[in-house]
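Read the figures in this text as sums done on the coordinates, not as results from a lab. Here the structure is a predicted model, which is why all the values come from computation and not from measurement. When we count neighbours, we look across all protein chains shown, and the Cβ atoms used for this are built from the backbone with ideal geometry, even at glycine.
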Amino acid sequence: MVKTVEAPPEMSEMIERIETQYEEFFKNELKFIPEEGRIQLLDDNVMFIGLRTLALSLKDELDTVLGEAGRDLLIYRLGQSFGRSEAERLLPKLGLSTPVERIAAGPIWAAYSGFVRVRLLPGSNPVEGDEFFLVYDHPNNFEAQLWKKDGRSAQNNICYFNGGYSSGWCSVVAGVDLEAEEIMCEAAGDKECRFIMFPRTRRDEYMERIDEFKNI
Ligand SMILES: [Zn+2]
């Protein structure tokens, strides 16, 4: 049974297969070496980071230095850098051949690495090149959840790390620069954190259709 990504039933077998690959990684390729101050996963050094640091403390620091718009842009670019580098690190080790598998491997990894569970919505077109398009929710993602838990409210969407990470991973697979835009946000009182992702060059065209994507 699929544990991570909510997607159309025809994707279930593929998702389960990739979940098994990741579970094998954690079973066989995760090493704790405290005497060297290192954790290794698949021969790379990794680190545990508390999600509260990204969701609140870092944002507060950036808000002070850069203001809200600068903070949001930097968090988005930070997420993009994480997503891109994780895709470049992991995809060669997974041996997946089709773009759909390689894109699906991103949200599945995001669930296993502890930051989000993704719901892929109808209308998505996960292909290489300029026809790439995704519409998807990040339910209860850590940015919105911790923001609300801290008693904060928001006038606008705030989940820039989530958007950045997903667009970073998918840009590697699609071979074009993709942007993710959060069009609804739980922290701002919406029922979901919903994103659309599209080639950067087609931004205007997709942003004109926001109401359509909100009502899926
Ligand atoms: Zn959100």
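What to note about this one:
- Here the gap between Asp204 and Asp44, fully extended at 0.36 nm per residue and compared with their Cα-Cα distance, gives a gain of 53.7 nm.
- Taking the number of Cβ atoms within 10 Å of each Cβ as an exposure proxy, the fewest-first ranking of Thr53, Thr4 is Thr53, Thr4.
- For Leu178, distant residues with modelled amide H under 5 Å away: Ser171, Arg200
- Evaluated at q = 0.26 Å⁻¹: base-10 log I(q)/I(0), Debye formula over Cα of segment 27-107: -1.17
- Residues Arg102, Arg84, sorted so that the one with the fewest Cβ neighbours within 10 Å comes first: Arg84, Arg102
- Take every pair of alpha-carbon atoms less than 8 Å apart whose residues are at least six positions apart; their mean separation over the length of segment 29-146 yields a relative contact order of 17 percent.
- For the chain, the relative contact order comes to 21 percent (Cα pairs under 8 Å, sequence separation of at least 6).
- Unit charges at the beta carbon, dipole of the chain: most positive-side option, Leu42, Ser171, Gln145: Gln145
- Cα-based Lys proximity count in segment 9-214, under 19 Å, for pairs eight or more positions apart or on separate chains: 7
- Radius 10 Å from Cβ of Lys3, net charge of other residues (Lys, Arg +1; Asp, Glu -1): -2
- Based on the Stokes-Einstein relation at 25 °C and a viscosity of 0.890 mPa s, and on the Kirkwood radius from alpha carbon pairs, segment 12-155 is assigned a translational diffusion coefficient of 141 µm²/s.
- Taking the fewest neighbouring Cβ atoms within 10 Å as the starting point, the ordered list for Ile103, Ile49, Ile15 is Ile49, Ile15, Ile103.
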